[in-house]
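Inspection log for the structure reproduced underneath, given as structure tokens.
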Ligand code: ARG
């Protein structure tokens, strides 16, 4: 082997916010999860090497715009508002908002009963946006998902509104909490890139099509979502 002349693969800086199990979370200090595996598979196809960056959720879009990262994969919902600033790949997961309450304090049964209640959300999440639209709700915004859940367990808030899969996880891990489904609109998770990086989003889309066709996507779904 002649050393010294091998060039590494092109680097891709990928941002996420690793407190959103099972999409991205920390395990022994390492970022793992469905999104991580999916993005690594995409990178394999497109011949890139990923450098992962773990940042606050509301810092992801600014980090993309200022080129600190090139891609966001973070269970991020492709909202109309966000589409003004970034390009999204095709949808890779569908979810919706759910509510968590304390079993011993079942203050609401449905989303339209939130009015007048103390409701915890995570700053900038789609749950924050949905709850903030309801008049008369006392919205408590937390910096992270686990902080919102801690506030619920300490009865500082009566309800937490959160994406379905992480909400299910917290319900499983905390038997004192109850999970309630909502009829708030379906949400589509997609990968975000800068508007100017058209070739990149095309490559990601092509890779996603391939991964869905060759069974890799289904394998990852089974790995992270079968109970
Ligand atoms: N789907 C929600 C949103 O787009 C929450 C995503 C939170 N993701 C995370 N990795 N913390 O606002």
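Mean projected area of the convex hull spanned by the Cα atoms of the chain, taken over all viewing directions: 14.5 nm². Relative to its residue count, segment 149-196 spans a Cα convex hull of 122 Å³ per residue.
Here the chain carries DSSP beta bridges of which approximately 60% are antiparallel, counting only pairs with both residues inside.
The angle separating the long axis of helix 164-173 from the principal Cα axis of greatest extent in the chain is about 70 degrees.
Helix 34-46 sits at what angle to the longest principal axis of the chain, using alpha carbons and giving 0 to 90 degrees rounded to 10? Roughly 20 degrees, rounded to the nearest 10.
The fewest-to-most ranking of 203, 35, 163 by surrounding Cβ atoms within 10 Å reads 203, 163, 35. The distance separating the Cα centre of segment 150-175 from that of segment 210-227 comes to 27 Å. The angle between the Cα long axis of helix 216-225 and the longest principal axis of the Cα atoms of the chain comes to about 30 degrees, rounded to the nearest 10. Using C-alpha pairs under 8 Å with a sequence gap of at least 6, the mean separation divided by the residue count of the chain gives a relative contact order of 27 percent. By the helix-only formula, in which each DSSP H run with n ≥ 4 contributes -39500 (n - 2.57) and the sum is divided by residues, the chain has a 222 nm mean residue ellipticity of -9500 deg cm²/dmol.
By other beta-carbon atoms within 10 Å, ranking 64, 179 with the fewest at the front produces 179, 64.
Taking other C-beta atoms within 10 angstrom as a stand-in for reagent exposure, 89, 95, 110 fall in the order 110, 95, 89, fewest first.
Just so you know, all these numbers are worked out from the coordinates, no wet-lab data involved. What you see is a predicted model, and the numbers here were worked out from it, not measured in a lab. Here the Cβ is made from the backbone with ideal geometry for all residues, glycine too, and neighbour counts use every protein chain on show.
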